[in-house]
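The values are calculated or read from the model by the stated rules, or taken from the named source; none is laboratory data. In this text, all values refer to a predicted model and were calculated from it rather than measured experimentally. These accessible areas exclude ligands, DNA and RNA; they are computed on the full protein's heavy atoms, side chains included. Shrake-Rupley method; radii C 1.70, N 1.55, O 1.52, S 1.80 Å.
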Amino acid sequence: MAKTLPPEYYQKLEEIQAVDFVLVELTLYLDTHPDDAQAISQYNQYAQYGRQIKRTFESQFGPLSQGSPNPSGEYWTWKSGPWPWQV
């Protein structure tokens with residue numbers, strides 16, 4: 001049985017997904033426009049913001065992906081969060 005998650009979980013997860021989408025789109029654009037300084041600046045801003053909101057999410061709800069820091073030194077938290085099909 002899936003555990004009930006607070007609305008904030010879904011709001012933050014949606015924000016992370018939106019930022020990741022912007023990064024993918026900017027990457028595709030920059031592949032064909034590598035000299036666009038404004039797009040590079042936007043990419044860097046979103047990349048930094050994405051790291052920040054992922055850290056905040058993970059500190060509240062646990063790891064998002066493999067390679068994420070394990071917030072507890074005593075308990076393996078990877079298996080604690082809901083799986084993608086549970087949210």
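Points to keep in mind about this one:
- Heavy atoms of Tyr29 accessible to a 1.4 Å probe, total area in Å² rounded to 10: 90
- D_trans [Stokes-Einstein, Kirkwood Rh over alpha-carbon pairs] for the range 33-73, 4 °C, 1.567 mPa s, µm² s⁻¹: 110
- Cα-based Kirkwood hydrodynamic radius, the range 1-57, one decimal, Å: 12.6
- Extension gain (nm, one decimal) between Phe21 and Ser41, 0.36 nm per residue minus Cα-Cα: 5.6 nm
- Protein-only accessible surface order, largest first, of Thr4, Thr27 at 1.4 Å: Thr4, Thr27
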